[in-house]
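Below is one structure; the comments refer to it alone.
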Amino acid sequence: MRLRELKGIGEKTEQLFAKAGVTDTSQLPFYFPRSYDVFREPVLVGEIDEDGVYTIYISVFSDVEQKTLKKLTVTTVFAVDEQGSRVKLTWFNMPFMKNSLRRGCMYMVRGRVVCKGSLVTMEQPKLYTPAEYEQKLHYIQPIYPLVKGLTNNMVIKAVTQYFAIDKNKDNFEYMPKELLERYELMPLNDAIVHIHFPRGTDEMFRSRKRLAFDEFFAFFMQMDILKGKREYLANECYITEHEEVLRLISELPFKLTAPQKKAYDEIMADMSGSRIMNRLIQGDVGSGKTIVAVLALVNAVLSGYQGAMMAPTEVLAKQHYDTMCRLFDEHHIPVHPVLLVGSMTAADKRTVQEKIKNGEADIIIGTHALIQNKVEYNNLGLVITDEQHRFGVNQRSMLAKKGGHPHVCVMSATPIPRTLAIILYGDLDISVIDAMPAGRLPIKNAVVGEDFRPNAYRFIINEVAKGHQAYVICPMVEESEVSESENVKEYTLELKNKLPGISVEGIHGQMSADMKNEIMERFASGQTQVLVSTTVIEVGINVPNATVMMIENAEKFGLAQLHQLRGRVGRGDAQSYCIFISTSKKKETKERLDIIGKSNDGFYIAEQDLKLRGPGDFFGIRQSGDMIFKLADIYTDADMLKKAKDCADYVITHNMQNNLKKTFTDEEIML
């Protein structure tokens with residue numbers, strides 16, 4: 001059914017939903033909230049220990065002041081809570097609030113609280129009578145991922161209408177009662193309803209757990225299909241080590257670390273063995289996975305085969321291409337790489353595709369363009385995917401199918417705890433590179449409060465003066481009414497004022513691919529000195545000249561993701577620094593951030609992150625870069641990950657696949 005058939009949705013709103021990935025009503029139940037706004041009990045000002053959304057019962061004790069600053073109307077008033085603690089209330093572009101407030105009157109106010117020193121300010125608060133708030137108390141409002149122009153209320157109304165039409169019209173359940181009871185799962189239909197409209201936090205957690213289970217289960221069933229197709233395949237691409245590669249290793253300006261050498265030896269043993277290779281190289285950011293992959297690719301070419309490397313972004317693909325071209329030219333390696341990315345002209349693509357087809361291209365480097373139907377390989381023997389967690393099982397399989405049965409090597413810089421890696425990568429043999437190259441200076445870390453921000457700005461100015469560059473990371477793109485996070489758009493403008501004479505640009509995930517590539521390329525070339533970004537740069541570019549990583553609202557990120565963000569610096573010869581700015585005053589937050597402040601070991605940090613997670617983190621801290629799941633998170637949902645793996649094994653062992661075929665063929669159930 002078309003979205004336009006729902007009340008209140010016209011052509012324009014339908015187009016906005018389409019931008020968000022919802023093109024008809026059947027997709028609405030699977031457009032899950034990204035977080036929730038819970039109407040909690042009112043608090044006293046003295047009980048507030050970190051910025052956030054709160055409700056306070058206050059008494060106004062000052063006159064209402066109103067002033068206009070550059071077309072912005074600011075309305076302020078001072079009040080006290082029941083214990084006499086002061087709070088400043090501020091509204092922007094809401095001049096009518098002046099007539100709603102009276103000195104000496106009591107109000108229930110709810111809004112975003114910002115603590116700056118001893119001053120507690122509540123921004124854009126909404127006023128309620130005690131009776132009105134009593135009706136709202138404990139209400140859980142879903143907060144959806146949005147595109148520009150699409151509001152949260154629009155989504156709530158559309159989803160509400162969908163379920164109101166006929167709650168029982170769709171039966172999404174595929175799991176037999178026996179397995180629902182065995183793994184203590186909420187029925188799927190209930191979970192889909194309650195993820196949108198939970199009647200309490202327990203219902204919210206249980207529904208989310210079921211849906212996380214489904215994502216993991218579908219993943220493992222797909223993995224089993226892929227593994228079954230590849231596990232017993234004989235090696236048709238016999239690749240051996242060549243003298244030119246041994247010479248290249250000896251001429252490199254650095255010596256391979258012991259873990260790099262071990263990973264390389266394991267790859268070569270696989271490719272010259274009796275079965276095709278299916279291996280994961282797991283290594284920390286900057287540990288040197290790429291050179292190991294390049295050596296394997298050269299051996300493949302010299303053995304008479306083509307090699308392909310797929311990167312998650314065009315900028316990273318271009319960097320790999322440029323690096324290989326320079327390396328092969330400098331060391332006279334007889335290999336001919338080509339680049340194939342989506343932004344190339346149709347004519348350039350045709351030229352490259354022809355070279356791939358006739359075998360003139362030896363190594364093909366690119367993005368998803370490598371798996372398009374028009375790309376025909378001459379003799380593909382080795383496939384490498386960089387940043388494995390950015391590609392789904394089907395994408396890996398599609399690239400592998402471009403050859404007969406090529407060897408497959410996937411790389412990941414996500415420091416997943418080994419216990420989880422064994423579960424997630426069950427179809428792969430695992431090589432771990434757990435040592436950094438010799439001479440690499442360890443990054444110096446600082447975990448600080450927001451009072452340190454002016455010092456951080458001065459530090460960035462000094463580093464830029466030395467000819468270096470800096471990243472500034474924000475967790476949100478735009479302010480939402482329930483988030484206090486710094487946002488990229490406003491922060492970019494602010495930094496341009498705070499850092500005079502310095503070139504500052506902002507980048508975030510809502511930009512077009514072309515725009516993101518242009519901005520990243522300007523930063524990589526040094527034209528831009530400070531890049532303000534969301535986590536879009538987590539897997540992006542290699543800029544050895546960048547020496548400062550400043551992460552705002554560090555408490556909003558998981559430790560493993562903070563570590564990956566930090567890995568964008570420290571890639572050159574100069575000393576690098578990472579500044580983690582936290583707005584939280586909670587003891588638990590400080591202890592958590594101290595772990596990353598005192599360690600640069602990604603695997604240790606990932607293990608600690610796993611231990612620290614709890615159900616309260618479901619819709620708070622999230623490893624947004626992990627894997628390819630829409631809702632599930634391998635840290636907060638580690639228990640469901642293990643249950644889903646056990647369930648998949650049970651289904652396979654008892655030959656129940658045909659009964660559950662819907663789980664890995666139905667797009668909706670795969671979420």
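General remarks:
- Strands (runs of 3 or more DSSP E) contained in segment 57-98 and holding at least 3 residues in contact with a Pro (Cβ under 9 Å, 6 or more places away or on another chain): 86-92
- Search result, residues across segment 278-317 that are of a type in the set (D, E, K, R) and either within 23 Å of H242 (Cβ to Cβ) or in contact with a His (Cβ under 9 Å, 6 or more places away or on another chain) (or both): R279, D284, K289
- Taken over segment 566-576, the residue count meeting the criterion of being surrounded by 21 or more Cβ atoms within 10 Å (Cβ to Cβ) and in contact with a Lys or Arg (Cβ under 9 Å, 6 or more places away or on another chain) is 2.
- Condition met for T13 (in a helix (DSSP H, G or I), among the β-branched types (V, I, T) and touching a helix residue (DSSP H, G or I) at 6+ places or on another chain (Cβ under 9 Å)): yes
- G84 being exposed (fewer than 14 other Cβ atoms within 10 Å of the Cβ), under 30 Å from R2 (Cα atoms) and without any contact (Cβ under 8 Å) to a residue 12 or more places away in the chain: no
- Residues of segment 95-111 that are surrounded by 15 or more Cβ atoms within 10 Å (Cβ to Cβ) and of a type outside the set (G, A, S): M97, K98, L101, Y107, M108, V109, R110.
Values in this text are rule-based calculations from the coordinates and carry no lab data. As the structure is a computational prediction, the values presented were derived from the model and not from experiment. Note that we place each Cβ from the backbone using ideal geometry, even for glycine, and neighbour counts take in every protein chain shown.
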